[in-house]
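Have a look at the structure below before the remarks.
The values are calculated or read from the model by the stated rules, or taken from the named source; none is laboratory data. Being a predicted model, the structure only gives us computed values, none of them experimental. Virtual Cβ from ideal backbone geometry, glycine too; neighbours counted across all protein chains shown. For accessibility, only protein heavy atoms count, side chains too; no ligands or nucleic acids. Shrake-Rupley method; radii C 1.70, N 1.55, O 1.52, S 1.80 Å.
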Amino acid sequence: MERIIGIDLGTTNSCVAVVEGGTPQVIPNKGGYKTTPSVVAITESGRRLVGQMAKRQAITNAEHTVYASKRLIGRTWDSSEVRHCIETCPYKIVQGPHDDARIKLRGKEYSLPEISSIILQEMKLIAEEFLGEAPDKAVVTVPAYFNDNQRTATKDAGRIAGLDIVRIINEPTTAALAYGYGRDLDSTVAIYDLGGGTFDISILDIFDGVFDVLSTAGDTFLGGEDFDARIIEHLAFEFAREHRIDLRNDEMALQRLRDAAEKAKIELSSMDETEISLPFIHSKDDGEALHLQTTLSREKFEELTIDLVQRTLKICEATLQESGLTVDDIDDVILVGGMTRMPRIQKEVKDYFGAAPSKQVHPDEAVALGAAIQGAALVEGSDDVLLLDVTPHNMGIMVHGGGFEVLIEANSTIPTSHSHIFTTVRDNQTSVKIVVLQGDNDQAEKNELLGEFVLSGLRRAPAGEVEIDVTFEISADGIVSVHATDLETGKEQSITVSATSGLTEEEIEDMIAENEDYLVELKHGEELEDQRARVRKAIREIEKLIDQDSDGDEIVAQLQQRATSAIAEARDYLESRDSDALQTAGDKLEKVLQSVRAAVHSA
Amino acid sequence: MSDLDENLAPAPASDVDPRSLKTSPTAEEYFILSRLDGAITIGQLCKISGLGAEKTLQCIENLHRHGLIHLPGTSESPSANSSPPSAAANSESDASKSSNTDELADSIRDRFPGDFTNFAFDEELLEQQVELEIDFKRELLFVHQQLDQIDYYQLLGVDRDARRRRLRRAYFPMSKRYHPDRFYKKITGDFEPIIQNIFERVTAAYQTLSDRNKRAEYDAALERGRASHASLRGSTPASRRSESRENIMGDRKRNMAFKVLVQRGDKAFDKGRVALALKEYRKAFGLRPDAELALRVARRLLDEQVHLDDGISFARMAHKIDPDSPQAVALIGALYEEKGGLDDALYHYELALESAPGDPELTARISRLKQALHS
């Protein structure tokens, strides 16, 4: 049966789920954990590490370990987020060929979609082990406020990993699916989603299995990592006051601070205060070791981060207004994202909405579960669940004078389309350039560029006489296409607006091939390892047997000689990558082993 | 003692306020209620509640009877002495679901002016090999061709004073019916844009009518009786202009196409290829329901004594457009008579006579028929 898995590709953690026999369930990874850290590392030997393995070695391999890459995906080189990351991240960010950012690891430049593809690959593998077959289709979630470039980059990541991402859907929306699936609801709910890197709020109307997104908004620069950063700052500041040393300039110390901050944050969700103990955090030039030993109270933590919490509530208010509702209209508030475990956040949300948030869904798993539910609904064509998703940003075009004319408003239910007639603005104008943009600013240049195209061959005429009909369409899978027709000549032109993920088609294909090569190589390496282990084991056993039996028996002596030479021969191949030779050597040794065993037993 | 499935995971009902109940739950029941989250199963709860299995089950049953919890897979209106086996409950809800769907289909058809059984469907599209039921294909064409002929209220099947609750009750099932996601795995061919168009229009209707400002604007435009419905979509002056422009262009194109189709039909008829001719006429009729055309076609079929059933259907179309004219009804009668359906013929002649009392031709036919029927 065809299956579409659901993947929550998070800033700090990722999660994969599937619907089995009508029940959505999260698939645990090999370690038994339901979430996998979104961390990728390249080891000295060029091996890729993902998840817990990558996270664990981050301290010793900070420069070649990438975390929170989701914050960079689909962003341009000169964006503030890339600037910020260059300053604060231990890994090296360089400029890519298409005005994009790339990460340099072990001398090789990786695009952001490639980094994400490594994580997606891992999630795919987790699903494969559970399902017994490799899934090739997935619904992947992104923060509601991701723009088209970020979505496209995520889609490209899927392609590189060999996964067809059939839908990109918004995280809070999927959380709502997980909340309402299989329950006969008739209610208006708010999803407050504070994850590792982003904050999203969505208001949905749920009735008769239909999940209608009324409005959605968010902040892609606000998440759990900002809470961690406040703790890091605080710790570094206190340390600097005492020792006059800024720990943040020391890569290793910073990494340890980061781990400690995250741990402290998590502990403060259940405790009133927590010990932070980082011995030998820094060695002074004179060799003296410095330790960081302090306690952090929940109260202090709340004080350090209260402005962040308030920022989320401001966005909630704007979103409610946008959907024409008040807090009284909200029947239930659902908390999603690990950060919502913070008691202060629960309290503030409760105070704001006037009701205790629902505990129906698991904050770490709801998003992946919802994605799997949507995947299953698509495959089955069932009418139990229908998601009416919206486009989160205004879409439109640049008009004369650099203005931005909105054609499809934010929060329009998709699929949707809109037609508009444009006229020439100059006498004898024979072509028009249509610049498609996405964003919320009145000025064209302050919005995200989605694409541009030129309609040429217009009749020479006074300004305003020639009319061009331009139709914009967003399909159910979020793909934007623009269709222009010269009304006089009937000449048509249409493009599918391919948002720029920072990669060309050719590059993506190269990356797909490279990834496949890597996987083949990896598989080959594993095979070799197995064969070597078999050879080593045979050698060990033979040696044990011939050691014990070294009297002057002639047959035994002959056997011994045969064994010794077979061992010597096999040892030559042990370091080689010749799979056939290793196989032959292994077979030979096992035969020898049998003879030796037989001799020993008969003796 | 209890037939509750211990693998069920009850969830608290968010819509019921325990304080509003006549008999308030006991502290024990309340305690159990506070443990429920829709994830923990009844079996698990029995083990951890500290009240023992029997007591715990009793509490759950009481809570369920009060309507304070939902039990997945069981009927939502439980009776105290027996809860129906879940399989039966499912099949029951399936049956009601499918009849709901049929009801919806009927209700949607009734919202449009055309006559569904005699609608001039685009035969070529109907025959296209796609993974859609024939009835649904017909519905899609029927709805799509007439989208511009009804207003948003009619489209959603709601009264002019419908409020938000009523609107969403009307819209949600329709959105489920026409959302492209429902056909994700299906080959829909040329029906794909049709489905999307219908969904977009239904959504526009819902969104316009549920937004106070947009609705006021829309109502005002309806009041002004602005020419065609299409010109009412959108709210900015620019978009309105573009829509009406599109519509004028569309009308011109449509008239051209209508004429071409009628000519093609006539030509085919002249050559004796009646079936093909009828197909062309039907297409033309789909573009513009024209009573004159329908009458002309029906009469010619009668004259040449071919495809009499089609003749009846064309005559019915004419009657539907202009119900007061006796011509169409008389023609139906004549067609039946030719077919040998004398009772039906008599009925229609008499019906026609009601709109044209004393018509000598009709009177003569009626008496002739009565004689024939008696003998």
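Points worth noting:
- Cα gyration tensor shape of region B:278-352, rounded if a/c is under 1.5, else prolate or oblate by comparing a/b with b/c: oblate
- When the helices of chain A are scored as -39500 (n - 2.57) per DSSP H run of n ≥ 4 and the total is divided over every residue, the value at 222 nm lands at -13000 deg cm²/dmol.
- Candidate residues A:S412, B:S367: accessible-area rank, largest first, probe 1.4 Å: B:S367, A:S412
- Relative to the longest principal axis of the Cα atoms of chain A, helix A:505-548 runs at roughly 20 degrees.
- Folded to 0 to 90 degrees: helix A:554-574 orientation relative to chain A principal axis, Cα: 20 degrees
- Shielding value for A:205-214 is 4, the average number of Cβ atoms from other chains within 10 Å of each residue's Cβ.
- Magnitude of the charge dipole, region A:88-178, Cβ model with Lys/Arg +1 and Asp/Glu -1, debye to 20: 300 debye
- Förster radius 45 Å - calculated FRET efficiency between B:I187 and B:D322 (Cβ-Cβ, nearest 0.05): 0.65
- Exercise: per-residue mean of other protein chain Cβ atoms within 10 Å, B:156-169: 1
- What separates the Cα centres of region A:251-325 and region B:112-150 is a distance of 62 Å.
- Of A:K34/A:K70; A:K30/A:K284; A:K55/A:K544, those spanning more than 30 Å from alpha-carbon to alpha-carbon: A:K30/A:K284; A:K55/A:K544
- J(HN,Hα) series, region B:108-114, from Karplus relation 6.51 cos²θ - 1.76 cosθ + 1.60, nearest Hz, glycine and proline x: 5, 4, 5, 7, 9, x, x
- Rounded to the nearest 20, the size of the Cβ-charge dipole of region B:104-243 about its Cα centre is 1080 debye, with Lys and Arg at +1 and Asp and Glu at -1.
- Largest-first principal axis extents, alpha carbons of region B:104-243, Å: 43, 30, 28
- Loop-located GluC sites (Glu not before Pro) in region A:520-603 (DSSP state not H, G, I, E or B) with no more than 11 neighbouring Cβ atoms inside 10 Å: A:E575.
- Separation in nanometres of the label points that stand 7 Å from Cα toward Cβ, at A:E467 and A:D272: 7.4 nm
- Residues in region B:104-243 average 48 Å² of solvent-accessible surface per residue, probe 1.4 Å, ligands and nucleic acids excluded.
- Carbon/sulfur fraction of accessible area - the protein assembly as shown, other protein chains in place, 1.4 Å, %: 47 percent
- For trypsin sites (Lys or Arg not before Pro), the sites in region A:351-436 that DSSP calls loop and that have at most 16 other Cβ atoms within 10 Å are A:K359, A:R426.
- Selection from A:L185, A:S323, A:I160 lying farthest towards where the dipole of chain A points positive, charges on Cβ: A:I160
- Protection proxy ranking, peptides A:70-82, A:218-230, average beta carbon neighbours within 10 Å, highest first: A:218-230, A:70-82
- Top positive-direction residue, dipole computed over the protein assembly as shown with Cβ charges, set A:L378, B:I108, B:Q149: B:Q149
- Computed from point charges on the beta carbon alone (+1 for Lys and Arg, -1 for Asp and Glu), the dipole magnitude for region B:289-374 about its Cα centre is near 140 Debye.
- Accessible surface comparison of B:D190, A:D477, probe 1.4 Å, protein chains only, largest first: the order is B:D190, A:D477.
- Mean separation of Cα contacts under 8 Å, 6 or more apart, over the residue count of chain A: relative contact order %: 13 percent
- The order of B:M174, A:M271 by accessible area, most exposed first and with a 1.4 Å probe, is A:M271, B:M174.
- Test item: B:170-182 mean partner chain Cβ contacts at 10 Å: 6
- Folded to 0 to 90 degrees: helix A:343-353 orientation relative to chain A principal axis, Cα: 20 degrees
- In chain A, taking the dipole from charged Cβ atoms about the Cα centre, the farthest positive-side position among A:V19, A:I118, A:H418 is held by A:I118.
- Remark: C-alpha extents of region A:308-438 on the principal axes read 65, 41, 25 Å, sorted largest to smallest.
- Calculated FRET efficiency, A:E492 to B:L373, Cβ-Cβ distance, R0 = 56 Å: about 0.35 to the nearest 0.05.
- All Cα pairs of region B:125-164, percent lying beyond 11 Å: 69 percent
- Radius 11 Å from Cβ of A:N170, net charge of other residues (Lys, Arg +1; Asp, Glu -1): -2
- In this label model, A:F237 and A:E452 are separated by 4.4 nm, measuring between points 7 Å along each Cα→Cβ vector.
- In loop segments of region A:90-142 as defined by DSSP, the GluC sites (Glu not before Pro) with at most 11 further C-beta atoms inside 10 Å of their C-beta are A:E133.
- The modelled label-to-label distance for the pair B:D270/A:E303, using points 7 Å beyond Cα in the direction of Cβ, is 9.8 nm.
- Full extension of the segment from A:D250 to A:K350, taken as 0.36 nm per residue of separation minus the current Cα-Cα distance, would add 32.0 nm.
- Equivalent ellipsoid semi-axes - Cα gyration tensor, the protein assembly as shown, angstrom: 64, 36, 35
- Using a Förster distance of 22 Å, the FRET efficiency for A:E509-A:E575 (Cβ separation, nearest 0.05): 0.05
- Vicinal HN-Hα couplings computed from phi for region A:198-210 (Karplus, 6.51 cos²θ - 1.76 cosθ + 1.60; Hz; Gly/Pro x): 9, 10, 9, 9, 9, 10, 10, 9, 10, 7, 6, x, 9
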